[in-house]
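What follows draws every value from the coordinates through simple rules; no lab data is involved. All of these numbers come straight from a predicted model, not from anything done at the bench. Glycine also receives a Cβ, built like all others from the backbone with ideal geometry; neighbour counts cover every protein chain displayed.
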Amino acid sequence: MRRSLFCQNCYMVHAICYMNLVILGPQGSGKGTQAKLLAEKFGLDHFDTGCALRQVAKLDTPLGREVYEIQNVTKTLVPSRILREILHIRLDDLGREQGVVFDGVPRNIDQAGYFEQALGEFGRKIDRVIFVDISKEESLKRIGKRFSCEKCKEAVVLKEDDQNLICLKCSGKLVQRVDDTKEGIEKRLSIFMEETIPVIEYFENKKLVSRIDGSKSPNEVFEDILKIL
Ligand code: AMP
């Protein structure tokens with residue numbers, strides 16, 4: 001089906017509405033929040049690999065149990081064969097002209113290769129890679145306080161003295177992710193440094209990367225992203 005020429009949100013025609021954006025950043029950088037804001041503003045599909053894999057992990061099947069174990073026990077990256085599969089299913093589901101913000105993929109050099117190839121097979125190419133950068137200290141600090149609402153799924157970073165685990169949007173209960181333990185965060189951050197930073201360097205060589213300072217407020221970060229698109 002051919003997509004309307006007009007943005008579903010503001011009825012203007014934006015080049016961004018048709019783009020394939022990749023957003024990468026360490027845990028707690030706010031890349032998920034920024035991906036969501038971009039998706040809402042420009043009618044992009046938000047493909048959050050961590051979230052897609054958490055859905056798979058809920059299945060009571062051999063695959064579901066394997067993904068659950070990787071995400072919550074070993075806290076490593078899922079193997080390429082699984083990621084390749086969910087990537088193909090998602091790309092196959094999308095209309096040709098539907099812009100996408102890919103959140104959290106590719107995370108290593110192997111993935112970068114087949115990600116570009118898969119996009120090519122579906123007539124797509126990466127238009128921009130947004131790297132939301134924060135320090136390791138900031139990442140650890142934020143994730144320790146990262147909660148999300150069980151009901152509406154809103155992501156919340158609690159303030160220093162905040163004891164109230166109730167969602168301000170819908171009054172649902174705020175919970176932490178199972179893999180957000182101190183040891184889990186350390187492990188995922190070291191994977192980011194060792195495996196994902198080389199991906200950013202790979203795309204930097206292709207002049208595709210815009211580095212954004214993720215230490216600012218979510219709105220300021222979003223403004224900075226809009227400036228480079
Ligand atoms: P995230 O929600 O981005 O923190 O991802 C949570 C977990 O999902 C990671 O620790 C990995 O186990 C898995 N995951 C997410 N994205 C990928 C990916 N691109 N490749 C492999 N594993 C992934």
* Asked: Helix-derived [θ] at 222 nm for the chain: sum -39500 (n - 2.57) over DSSP H runs of at least 4, divide by residue count, nearest 500?
  -> -12500 deg cm²/dmol
* Peptide ranges 220-226, 103-109 listed from the most packed, as the mean C-beta count within 10 angstrom indicates -> 103-109, 220-226
* Could you work out which residue, out of Thr61, Thr49, Thr196, moves most in a Gaussian network model of the chain, that is, has the largest mean-square fluctuation with Cα springs under 10 Å? => Thr61
* Asked: Hey, how many Å between the Cα centroid of the range 144-178 and the Cα centroid of the range 42-109?
  -> 24
* Relative contact order computed over the range 111-206 (Cα-Cα under 8 Å; 6+ residues apart), in percent -> 23
* With 5 Å bins from zero, work out the P(r) of the chain over every alpha carbon pair and list the percent per bin. => 1, 6, 13, 18, 20, 18, 13, 7, 3, 0, 0
* Asked: Normalised by the residues of the chain, what does the relative contact order come to in percent, with Cα pairs under 8 Å and at least six apart?
  -> 26
* Given H placed on each backbone N at 1.01 Å, which residues far from Arg128 in sequence or on other chains put an amide H within less than 5 Å of it? -> Asn20, Val22
